[in-house]
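My questions all concern the structure below.
The values are calculated or read from the model by the stated rules, or taken from the named source; none is laboratory data. Please read all numbers here as calculations on a predicted model, not as lab measurements. Positions of Cβ are generated from backbone atoms using ideal geometry, with glycine treated the same way; all protein chains shown enter the neighbour counts.
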């Protein structure tokens, strides 16, 4: 039976015999991005595949896009760029336990740069990087070239701040003090270029800026750009001089370990291990795809890249790729052994079951270990600022990147049951529509009413997921059909459920307080005659809170831009 729809089959049959990139999607969600020397030949292999991962992927695919390129090399680079941008479900990915670093640039008016342990929403992420000290040095150098901020100030602001030490040592251009939107935008653009490894373009830009300032006879500014260009050249020459990087890969089932040995004068100076999912094209595909992503995010100037077998590419970023010489084969064997041990240890560890999960399976008589548990709670103040929370636990531990919060949209007044119904319905309707992973168990914070509301939502979606509630009074475990279990306080299952329940409560309460705080700030000023949006922003930017505005003098308030004594006296009278 063919899994591909007729539209995709027609695209495959009419595909050109040219190099390019192909993209499998499911309703605009990226499933897999691949490259091909000959698009028609490669795509025909998807018509009747034997590999289980390929079968699973094309079973989900509803769309196929083709992008032709003028050369195989450009197809390779385009593939790496698209994979990094869209992170398709079936391309290789780093396993969650792998400790790496990312550089995040926010999407604020004046973006700031942040070093994080995992990618963040709202902006651009660069990485993963493998060595904290190296990435901090790299980031410090990048901010010397293009001084963008790393502070947490909310900009732009009506208040002019005094530039901090970062400005005085040349690592920030102080957008908190100066109106430099266009210049700052240009800096951020080139900062991202540098992180992307476009060193040639960055050097060209710096050289042009140096000449521009020199033509204007602004020799002081020209000297700054000259020093930056000199630093950039020295940085790239020094970085990795005389070094080679040797790679090995080993896979078991859907897990691979890619190992990097840094060599200098034939000696191993550093080693790194990367746990990833396995490419649909085996070890060769895994290593090739990983190297493209790695070197796109870690621009280097090493002499050579050594791989265990021939790849479709013979260089990356101008660095030649080759197989090992006879003298390097012993090091390759050691790297392969290291990769094998890492994968085996990971699989043993991932298969080890948390005692609380075994206890929970037994207590609830579940068909399997509840590896993924999702917990829900509702929070409000007498029906105002109603919110819901979702927390996710994987293998008995919080999976915080899976946490979600909900602002209740359809419920009027106080109705916890209706709120729970809305949140559970919204959560799993989205999971189903996006083809996401469903939990093995759902925990509801509350009693029989909240549990039945959740079960009603699941029934409407035709989902049969084990669901229970944990009532705070007497810590009673409530099951569908009004069944009740009273667990011992020492029962591991109860302790885990309490942890999940308390975490969902904490997360809901935090969001509720955030909304309530924002509303209180808004309402206190909105009710005052003569205080519109513009004046309100100036007040909050200058004082920071309602309590500080309340404590300010009439003279201090009237001195602000757009204020006078009459407005200040009215404000003080209303705030009391």
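Could we say that residue 442 is assigned to a strand (DSSP E or B), under 23 Å from residue 396 (Cα atoms), modelled with pLDDT of 95 or more and in the same structural domain as residue 392 (by TED's automatic domain parsing) here?
Answer is yes for this residue.
Inspect all residues belonging to the stretch 274-288 and state whether any of them is more than 29 Å from residue 52 (Cα to Cα), touching a helix residue (DSSP H, G or I) at 6+ places or on another chain (Cβ under 9 Å) and buried (at least 16 other Cβ atoms within 10 Å of the Cβ).
No, the stretch 274-288 contains no residue that is more than 29 Å from residue 52 (Cα to Cα), touching a helix residue (DSSP H, G or I) at 6+ places or on another chain (Cβ under 9 Å) and buried (at least 16 other Cβ atoms within 10 Å of the Cβ).
Going by the conditions given, is residue 426 assigned by TED's automatic domain parsing to the domain that holds residue 508, free of Cβ contacts under 8 Å to residues at least 12 places away in the same chain and in a helix (DSSP H, G or I)?
Details: assigned by TED's automatic domain parsing to the domain that holds residue 508: yes; free of Cβ contacts under 8 Å to residues at least 12 places away in the same chain: no; in a helix (DSSP H, G or I): yes.
For residue 426, the condition - assigned by TED's automatic domain parsing to the domain that holds residue 508, free of Cβ contacts under 8 Å to residues at least 12 places away in the same chain and in a helix (DSSP H, G or I) - is not met.
Follow-up. Which one of the conditions (1) in contact with a helix residue (DSSP H, G or I) (Cβ under 7 Å, 6 or more places away or on another chain); (2) free of Cβ contacts under 8 Å to residues at least 24 places away in the same chain; (3) not in a loop (DSSP other than H, G, I, E, B) does residue 410 fail to meet, given that it meets all the rest?
Against the list (1) in contact with a helix residue (DSSP H, G or I) (Cβ under 7 Å, 6 or more places away or on another chain); (2) free of Cβ contacts under 8 Å to residues at least 24 places away in the same chain; (3) not in a loop (DSSP other than H, G, I, E, B), residue 410 comes up short only on (3).
Are there any pairs, at least 6 apart or on different chains, whose C-beta atoms fall under 6 Å, with the first in the stretch 148-172 and assigned by TED's automatic domain parsing to the domain that holds residue 536 and in a loop (DSSP other than H, G, I, E, B) and the second surrounded by 14 or more Cβ atoms within 10 Å (Cβ to Cβ) and at pLDDT 85 or above, and if so, which?
Partner pairs satisfying both residue conditions: none exist.
Could you list, in sequence order, all residues of the stretch 109-140 that are surrounded by fewer than 19 Cβ atoms within 10 Å (Cβ to Cβ), over 23 Å from residue 403 (Cα atoms) and at pLDDT 85 or above?
If the condition is that a residue be surrounded by fewer than 19 Cβ atoms within 10 Å (Cβ to Cβ), over 23 Å from residue 403 (Cα atoms) and at pLDDT 85 or above, then 109, 140 are the ones that fit.
Also, I was wondering about something else. How do the strands (runs of 3 or more DSSP E) wholly within the stretch 464-565 filter down when requiring 2 or more residues that are surrounded by fewer than 18 Cβ atoms within 10 Å (Cβ to Cβ): which remain? Can you show your working first?
Details: elements: 467-471, 476-479, 483-485.
Fully inside the stretch 464-565 and qualifying: 476-479, 483-485.
Checking the condition surrounded by fewer than 18 Cβ atoms within 10 Å (Cβ to Cβ), more than 30 Å from residue 291 (Cα to Cα) and touching a helix residue (DSSP H, G or I) at 6+ places or on another chain (Cβ under 8 Å), which residue from 159, 215, 154 passes?
Only one candidate passes the filter, namely 159.
What residue, of 73, 42, is surrounded by fewer than 20 Cβ atoms within 10 Å (Cβ to Cβ) and under 19 Å from residue 286 (Cβ atoms)?
Values: 73 fails: under 19 Å from residue 286 (Cβ atoms).
That would be 42, the only listed residue that is surrounded by fewer than 20 Cβ atoms within 10 Å (Cβ to Cβ) and under 19 Å from residue 286 (Cβ atoms).
Follow-up. Does any residue of the stretch 514-537 turn out to be modelled with pLDDT of 75 or more and touching a strand residue (DSSP E or B) at 6+ places or on another chain (Cβ under 8 Å)?
The answer is yes, given that some residue of the stretch 514-537 is modelled with pLDDT of 75 or more and touching a strand residue (DSSP E or B) at 6+ places or on another chain (Cβ under 8 Å).
Residue by residue, here is whether (1) modelled with pLDDT of 80 or more; (2) out of contact with any strand residue (DSSP E or B) (no Cβ under 7 Å at 6 or more places or on another chain); (3) closer than 23 Å to residue 311 by Cα holds:
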residue	(1), (2), (3)
247	yes, no, yes
250	yes, no, yes
261	yes, no, yes
265	no, yes, no
272	yes, no, yes
275	yes, no, yes
281	yes, yes, yes
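Residue check: is residue 369 in contact with a helix residue (DSSP H, G or I) (Cβ under 7 Å, 6 or more places away or on another chain), under 17 Å from residue 439 (Cα atoms), part of a loop (DSSP other than H, G, I, E, B) and in the same structural domain as residue 491 (by TED's automatic domain parsing)?
yes
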